[in-house]
1. Using label points projected 7 Å from each Cα along Cα→Cβ, tell me how many nm separate Thr136 and Ile53, to one decimal.
2. Quote to one decimal, in nm, the extra length available between Leu106 and Gln43 on full extension: 0.36 nm per residue of separation minus the C-alpha distance between them.
3. If you roll a 1.4 angstrom probe over the protein chains with everything in place, what fraction of the accessible area of the range 62-158 belongs to carbon and sulfur, to the nearest %?
4. Taking the simple approach of a point 7 Å from Cα along Cα-to-Cβ for both Phe118 and Tyr81, what is their distance in nm?
5. Of the listed peptides 59-65, 100-106, what is their order by residue-averaged count of other C-beta atoms within 10 Å, with the highest listed first?
6. State the answer as a single residue: which of Val115, Phe80, Ser69 lies farthest towards the positive end of the charge dipole of the range 41-158, with beta carbon charges of +1 for Lys and Arg and -1 for Asp and Glu, about the Cα centre.
7. Please report the base-10 log of the normalised intensity I(q)/I(0) for the range 47-158, using a Debye sum with one equal scatterer per alpha carbon and no solvent, at each q in 0.12, 0.20 (1/Å).
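The values are calculated or read from the model by the stated rules, or taken from the named source; none is laboratory data. Everything numeric in this text was worked out from a predicted model, so none of it was measured. Positions of Cβ are generated from backbone atoms using ideal geometry, with glycine treated the same way; all protein chains shown enter the neighbour counts. Heavy atoms of the whole protein, side chains included, go into the accessibility calculation; ligands, DNA and RNA do not. Shrake-Rupley method; radii C 1.70, N 1.55, O 1.52, S 1.80 Å.
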Amino acid sequence: MIKEDSQEETKIDLEGIEEQSEEQSEVQSEVQSEDRDPKGVNQCLKVTFVDVIAEPPSVRSFDKVWLWSHALFEVSRIWFYRIISLLLAVPLALIAGVLFALLSCLHIWLIMPCVQLFLINMHWVRTIWASVLDITISPLFSSMGKCCGAISIRVAQE
């Protein structure tokens, strides 16, 4: 009787573990299918083994060397990225967030009000500058355009 109960408990435990592993695989597949670069910002980082290492037909290593090199490349690339991102992602995200918040605050509360005050108070300068340009520069360039407009270039073949 005790053996039957322990076998039933084991079956129940195994079923629970299988359900958990199925749920975890579903979550992992959802995470993997999620596009983390929807705008294609990092297209240049889609590097594979054959993008880095390629053997021409004239010189070839042993097939096992090629397979193990490929496997080592992929595994080390993935795991070192994961380790480095684990160590750096959170602090760099915090720094980037603080930096963008600071820049946003400066832009909203300091730069744009100063630009708007400048534009409002400098309207008379814009009017005078436009008049100066219309009086001096515009006639000069329109005269040069009329003088140079009559120039024609002909290419003759001998």
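1. In this crude label model, Thr136 to Ile53 measures out at 6.8 nm.
2. Working: separation 63, 0.36 × 63 = 22.68 nm, distance 3.17 nm.
Stretched out fully, the Leu106 to Gln43 stretch lengthens by 19.5 nm.
3. Values: 7070 of 9170 Å².
The value for the range 62-158 is 77 percent carbon and sulfur by accessible area.
4. 4.3 nm
5. Numbers: 59-65: 8.6, 100-106: 10.3.
Top of the packing list down: 100-106, 59-65.
6. Val115
7. Listed by q, the Debye log ratios stand at -0.76, -1.09.
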